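Before any comments, here is the structure.
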Amino acid sequence: MNDRDFRDAMGKFATGITIVAMRDNQIGVKAMTVNAFMSISLDPELIAISIDKKASMHDRFKLSTSFGVSVLSEQQKEASMVYAKQIKKEKDIPFISLDGAPVLEDSLTSLSCKVSDLVEAGDHTIVIAEVTSLSMNNGEPLLFFEGKYREITSN
């Protein structure tokens, strides 16, 4: 097995897409696209995200105590591409506050999270966080499969 084979195999797992954001007192909101997101526990309510150690936001998680997660809808593909650095931001993407955490306004689900633990895992850090508040909207999810954005279609 080589790195490309492993990456291609993992790409066979369809995922939703999130934007993880935190406030920085000096530069405002800092955000990144994350598809390595999962629910961990119902009691207490915990989620986990996996952040590449080379990502520009990685070290901020070691200093931050909270962040927001926005589960994206099909209409938020551009935001995903901006924060994945696939396209340049042409206009401001507004964030709102959910229990003090920055989230995108029309996301399918928005979560305010408090960092519980950081776990080193190879070339990534797994951030485990307690959900302190949430909001939900109706819509269809933005999906990622085999390295491409996808949509749910009815047969």
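The values are calculated or read from the model by the stated rules, or taken from the named source; none is laboratory data. None of the values given here were measured: they were computed from a predicted structure. Because the Cβ atoms are built from the backbone with ideal geometry, glycine has one as well, and the counts that use them run over all protein chains shown.
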**Message:** Regarding the range 110-129, can at least one residue be identified that is more than 17 Å from Val29 (Cβ to Cβ), touching a residue at least 40 places away in the same chain (Cβ under 8 Å), touching a Lys or Arg at 6+ places or on another chain (Cβ under 8 Å) and of a type in the set (Asp, Glu)?
**Reply:** yes
**Message:** Residues that are crowded, with 16+ Cβ neighbours inside 10 Å and touching a Pro at 6+ places or on another chain (Cβ under 9 Å): does the range 34-54 have at least one?
**Reply:** no
**Asked** Can you tell me which residues in the range 98-124 are of a type in the set (A, V, I, L, M, F, W, C) and buried (at least 19 other Cβ atoms within 10 Å of the Cβ)?
**Response** Leu98, Ala101, Val103, Leu104, Leu108, Leu111, Cys113
**Message:** Filter the range 56-88 down to the residues that are in a helix (DSSP H, G or I) and either closer than 22 Å to Lys114 by Cβ or among the aliphatic types (A, V, I, L, M) (or both) and list them by number.
**Reply:** His58, Asp59, Arg60, Phe61, Lys62, Leu63, Ala79, Met81, Val82, Tyr83
**Request:** Please name all residue pairs, on different chains or six or more residues apart, with Cβ atoms under 6 Å, provided the first residue is in the range 58-70 and is within 23 Å of Glu105 (Cβ to Cβ) and the second residue is part of a strand (DSSP E or B) and among the basic types (Lys, Arg).
**Result:** Ser66/Lys114
**Request:** Might you let me know whether the range 79-97 holds any residue that is modelled with pLDDT of 95 or more, over 17 Å from Met38 (Cβ atoms), hydroxyl-bearing (Ser, Thr, Tyr) and surrounded by 15 or more Cβ atoms within 10 Å (Cβ to Cβ)?
**Result:** no
